[in-house]
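*Asks:* Quick one: the structure is below, and I'll ask about it shortly.
The values are calculated or read from the model by the stated rules, or taken from the named source; none is laboratory data. Source: prediction; values computed, not measured. For neighbour counting, all protein chains shown are included, and Cβ atoms are generated from backbone atoms with ideal geometry for every residue, glycine included. Only protein heavy atoms, including side chains, enter the accessible area calculation; ligands, DNA and RNA are left aside. Shrake-Rupley method; radii C 1.70, N 1.55, O 1.52, S 1.80 Å.
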Amino acid sequence: MKNLTILLLTCVSLAPQLVFAQPKSLSPTQQQDSITIKSLQGEAWQLKYSDPRKSMLYLDSAAILAQNVSPKITADVIYYKAMINYLINDYPLAIDQSQQALAKYESVENHYGQASIYNLLGLINQRIGNYDDAVHAFHRSLSEAEFGDNLYAQSNPIHNIALVYLDMHEYKTSMEYAQKAFAIRYQIGDSTLIGQSLQTIGGLSYHLQHYDQSIAELNQSIAIFEKHQDWSSLSISYSNLGMTYQALKNYERAKDYFHESAKLSKQVEDDEGLTSALVNLSSVSVDLGDYRTAAAYAREAIEITERFQLRPTMKDALELLAIAQENLNNPSAALQTMKQIMALSDSLLNSEKSNQIAALETKFKVKEKEQEIALQKAELEIKNAQLKTNRYLLIILTGGTLLILFIVWQQKKKSKLKEQARLSETENKAKKDQITAALNSQEQERSRFAKDLHDNMGQLISVMNLSIDRLQKAPNIEYSERTKTYELCNDILGDMYKELKNICFDLMPQSLTAHGLVNALQEFALRVNSIGDLQIEVLIHGGENFPAHEKSVALYRIAQEWINNIIKYSDAKNITLQIIQDEEEVLLMIEDNGMGFDQKLLISGKGYGWKNIQSRVAFIIGSLDLDTQSGRRGNTFTVAIPRWYFISTEDLSESPYAINS
């Protein structure tokens, strides 16, 4: 819940900078058309969010005029189209238009235009999660910008590379690129860009737990934003600074900065920033033990999030409100809040899975488009080669041997392209299987939650209804009997609260997000052990510092899935779960004394449990090993993850990049 809000400045060329210098020697008519094109581009940019269809109509008119002006102006118009489609999340069309604009910029050797296109392609790939392709595109953008000796254009892709590594949680590499971008911007002397770089670097220092350094960098960004009256950026820096002081347990200073962030967010009508500040104020109040104030801030945040449908922030506010209500000895109110959390968690889970499926579908469409373009280029190359071959056969009869060799080379190249297309088709099929697995997993989760609510909560509600009905039908019942009925109702409420907590634990264990992987595994083991039929022992070797990020969630789900398989299908009585950490890797090992089985039956089965395990292992760049044999008692399940990928622990050396305010 306590996540630092970092200004993710995706550096793109802004609207006035998209149109570059006009070509020389234009006729009067072309000059007038060029002015009209600029006007149409400006109108289109203003309507990009409010009316995208009308925005594209303006650009279509501009494209018709641009054909009679120059290829470079035509490329500018297509670039506008690609940029707007990127902003409204139509990534396949944005990529297609980017390729068209790039070809025209290349034809006139416009390096600044090429740099802008590659920067846009990097942003698209970053948005859909193709991080390797994004970094490659940003490096191409940097190369074109360096060719034109444009420092401003060079700083943008470098800063964006830093943000890609930030998304990947590779904070050390991200810091290196952020500092490079800062050095260039400092050389340019653009204080606004310097402030944005300092804000990003300060956020990275927070993630690396260099809190004193983070405070210094954020204070410098605040001085710059105050000078330029950039209240939105200033609000974010105040919020980040508050998070840093909260991490240092300096709660009073943290409250002061969160108050400033909330005030500025109200001033600029930034509802999302305001709710974030209110949630942070509630969190600090909980840390201080001031639960009434924490509840007040949480309720204010909930009111705003309900109005603007800011559901992830609403969940944070509800969780803080439930904590405050429990500590204020108000279990009835806490129960109602927990119900809201459960309903919202289910909604967020469905939304998250839908977003994952949509992202996979977008990646699939993007890959299809890239393959189509590659095949078109390959076919064009083959046709050109065949034309050259025919021409050489007519002109130079003595070159027959060389021509035969050339044809053989072309055939090999064609075969290689076909093989690449076949491999791409296999990759696309695997992605389709992932989408199917995600859909089935979502339906299984819904069915299980519905069964839990019907079988357990339904029974408790029925008993509660019978008890209340009894009181209503017998108003003159004896005091002792009435008291017993009230006590029964109170016990049922307690059971309902426990049942809701169990369902919430299945959705996402609170101990995992609050205390990390080890606590979550130990809590899971205690729940299984309490049943009595099977005992789980959790052993940790090499330290217990496992951060609560998505990789820890994946490892927890892998362990949970495999132990559930043991409970369902094995006659095991004892399970040993070990987390082993050394300098090279993090190892999850689960051993049980149940009867072994045929691995081929597991791998070829139609269930989605094993596929989900494989998908999660691939996500954390891990390797999986299973030691079992039919007829032999005892099984061992092992997952190994590179430690450098799973946990970022290396410190950065201090760099003298601070500026004098």
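*Asks:* Ranked from highest to lowest mean number of other Cβ atoms within 10 Å per residue, what is the order of the peptides 610-619, 132-141?
*Replies:* 132-141, 610-619
*Asks:* Suppose R0 equals 45 Å. What FRET efficiency, 1/(1 + (r/R0)^6) with r the Cβ-Cβ distance, do Glu550 and Val408 give to the nearest 0.05?
*Replies:* The value I calculate is 0.35.
*Asks:* What's the FRET efficiency of Leu394 with Gln32 using the Cβ-Cβ distance as r and R₀ = 45 Å, to the nearest 0.05?
*Replies:* Calculated value: 0.35.
*Asks:* Taking Rh as the Kirkwood radius computed over C-alpha pairs, what is the Stokes-Einstein D of the range 29-109 at 4 °C in a medium of viscosity 1.567 mPa s, expressed in µm² per second?
*Replies:* For the chosen part, D equals 103 µm²/s.
*Asks:* Are there GluC sites (Glu not before Pro) in the range 584-618 that DSSP puts in a loop and that have at most 10 other Cβ atoms within 10 Å, and which ones?
*Replies:* Answer by residue number: Glu584.
*Asks:* Calculate, for the range 511-645, the solvent-accessible area per residue in square angstrom, rolling a 1.4 angstrom probe over the heavy atoms of the protein chains.
*Replies:* 51
*Asks:* Counting every Cα pair in the range 112-175, what percent are over 13 Å apart?
*Replies:* Roughly 55 percent, rounded to a whole number.
*Asks:* Then there is this: Excluding Ala572 itself, calculate the net charge of residues whose Cβ lies under 14 Å from the Cβ of Ala572, where each Lys or Arg counts +1 and each Asp or Glu counts -1.
*Replies:* -1
*Asks:* Can you send over the carbon and sulfur percentage of the accessible area for the range 29-109, probe radius 1.4 Å, protein chains only?
*Replies:* Carbon plus sulfur share of accessible area: 49 percent.
*Asks:* Per residue, how many Å² of accessible area does the range 29-109 show with a 1.4 Å probe?
*Replies:* 46
*Asks:* Counting only Cα, what are the radius of gyration and maximum Cα-Cα distance Dmax of the range 380-420, in Å?
*Replies:* 11.1, 35
*Asks:* Can you tell me what share of the DSSP beta bridges in the range 511-645 is antiparallel? A percent to the nearest 5 is fine.
*Replies:* So the antiparallel bridges in the range 511-645 amount to around 75 percent.
*Asks:* Further question on the same structure: What's the local net charge at Ser221, with K and R +1, D and E -1, over the other residues with C-beta under 13 Å away?
*Replies:* -1
*Asks:* Another question, then. Ranked highest first by average number of other Cβ atoms within 10 Å, how do 311-324, 471-484 line up?
*Replies:* The packing order, highest mean first, is 311-324, 471-484.
*Asks:* Right, another one. Among residues other than Leu534 whose Cβ falls under 12 Å from its Cβ, what is the net charge (Lys/Arg +1, Asp/Glu -1)?
*Replies:* Here the charged neighbours net out to -1.
*Asks:* Got a number for carbon plus sulfur as a percent of the range 511-645's accessible area, 1.4 Å probe?
*Replies:* The nonpolar share, carbon plus sulfur, comes to 50 percent.
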